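To keep things clear, I will list the structure first and then write my remarks on it.
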Amino acid sequence: MIPKPTPTESGTTTPGAPVTAESSTTVRIRPDVAALPAYVPGARPDAATAAQIAKLSSNELPYPPQDAVVEAITRAATGVNRYPEMTGESLTQTLARRWGVEAEQVVVGNGSVALIQHLLDAVCEPGDEVVIPWRSFEAYPICVAVAGARAVRVPLTPDARHDVPAMLAAITPRTRVVMACTPNNPTGTILTAEELAELVAGVPRDVVVLIDEAYLDFVTDPRAGDALTLLAGVPNLVVSRTFSKAHALAGMRVGYLVCEPSLAAAIRSVTTPFGVNLPAQAAATAALGEGELARTAERSAAVAAERDRVVEALRTQGWQIPEAQGNFFWLGVGEQTTALAEHFRGAGILVRPFAGEGVRVSVGTTSDNERVLAAAAAWCGAH
């Protein structure tokens, strides 16, 4: 058995919860900051039980970093008495070569979430609106609120996909950004190439359209869109990607944006100086080596194949699961969410519940996934 979760592990966010530990502070906190919901990370096992627990709550890769990456981290660690490159110039140039763009179009930062925050800070003013799909990544409405804007949440379709026409219809003169996540976290569904093109073309040129592609490496559906292919000639398009998932560097916190140079410069101007530490820059650069990229592609394909195997087995058990294209899948059980998460916890499996909506389960090792299938079958047998 896993110890009971703390309130922040329950998968819920509580609007109005204070952001400071002491609610009796005499300092006047911005009301919109005081009202922010707390971001809820995936539950973690404690040290005593970690070896027995399947941690499938955070969409992490079940493999360790590659040898060349670990070696790069180790070498860089000997120089951490010195500052890293302020904006990650070497990494930026490597990414530019990788994607066939100019270095001026790339912004690196302390994870893609931090960069999304910087983008919003650069373009939003108080009272502005940001259109987001919902349910989607939990950090989006938090980032929007921190930037002083208002999140306009557009419900997903009944099959847990972006409703592109509804998102476009939600644009008003106050809209500054339209965000999309493909594959969508936590439902796993994609925007097809046609849907992505429709969304990008339908957003006014003075409004940013941000496409978050953190999980694109795991996509196997040939219909899926790739936002980088639309970048040329679309000055308001921003593509967000990360090293946290397929590259197995979640603990290093490195992400990047690609967009037109003047917009990239504006975003870069509000980023934290030296925001990506020295070992993280070295790790990400090493991950872009030819051999390392090939191995990452192999690993991603293996994760995708295991995802498809598990999803098919769960559907055979009777579960209704949207088309999963990330390294996770969605069990939209509604009001049974908390009970299902506790059921998995009792089986030694940590998942990510979203209270009242569903449970997201990350793809782990084959052994982890077999435990998921056994626990899911037991749930079906009892319900």
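Please treat every number below as a calculation from the coordinates, not as lab data. These figures come from a predicted structure and were not determined experimentally. Heads up, the Cβs are rebuilt from the backbone with ideal geometry, glycines too, and the neighbour counts pull from every protein chain shown.
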- Residue among LEU314, ALA382, ILE211 farthest towards the positive dipole end of the chain, charges placed on Cβ: ALA382
- Task: For the range 67-291, restrict the atom set to alpha-carbon positions and state the Rg and Dmax in Å.
- Result: 17.1, 53
- Task: Report the far tail of the P(r) of the chain, meaning the percent of Cα-Cα pairs longer than 28 Å.
- Result: 47
- Are there GluC sites (Glu not before Pro) in the range 146-250 that DSSP puts in a loop and that have at most 14 other Cβ atoms within 10 Å, and which ones? none
- Message: Counting other C-beta atoms within 10 Å, and keeping those with at most 13, which DSSP coil trypsin sites (Lys or Arg not before Pro) do you find in the range 40-136?
- Response: ARG82
- Whole Å is fine, so just give me how far the alpha carbon centre of the range 319-375 lies from that of the range 235-314. 25
- Please name whichever of ALA265, GLY346, LEU228 sits farthest to the positive end of the charge dipole of the chain, dipole taken about the Cα centre and charges placed at Cβ: Lys and Arg +1, Asp and Glu -1. GLY346
- Message: Using only DSSP helix segments of four residues or longer, with each worth -39500 (n - 2.57), what per-residue ellipticity at 222 nm results for the chain after dividing by its residue count and rounding to 500?
- Response: -11000 deg cm²/dmol
- Dipole magnitude of the chain about its Cα centre (Cβ charges: Lys, Arg +1; Asp, Glu -1), debye to nearest 20: 680
- Task: Rounded to whole Å and sorted largest first, list the principal axis extents of the Cα atoms in the range 218-287.
- Result: 35, 33, 15
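Note the full-extension length gain between THR229 and ALA103 as 0.36 nm times their separation in residues minus their Cα-Cα distance, in nm to one decimal.
Net length gain for the segment: 43.7 nm.
Report the FRET efficiency, 1/(1 + (r/R0)^6), for TYR39 and GLU290, where r is their Cβ-Cβ distance and R0 is 45 Å, rounded to 0.05. Could you put the intermediate results ahead of the total?
Values: r = 36 Å, r/R0 = 0.80.
It comes out at approximately 0.80.
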- Task: With a point put 7 Å past each Cα toward its Cβ, work out how far ARG75 is from GLU298 in nm, to one decimal.
- Result: 2.2
- Task: For the range 278-372, state what percent of all Cα-Cα pairs lands in each successive 10 Å bin, counting from 0 Å until the bin that includes the largest distance.
- Result: 15, 38, 26, 17, 4
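Convert 4 °C to kelvin, take the viscosity as 1.567 mPa s, use the Kirkwood radius over C-alpha pairs of the range 285-324 as Rh, and evaluate the Stokes-Einstein diffusion coefficient in µm²/s, rounded to a whole number. Spell out each step's value before the answer.
Values: Rh = 11.7 Å.
Estimated via Stokes-Einstein, D reaches 110 µm²/s.
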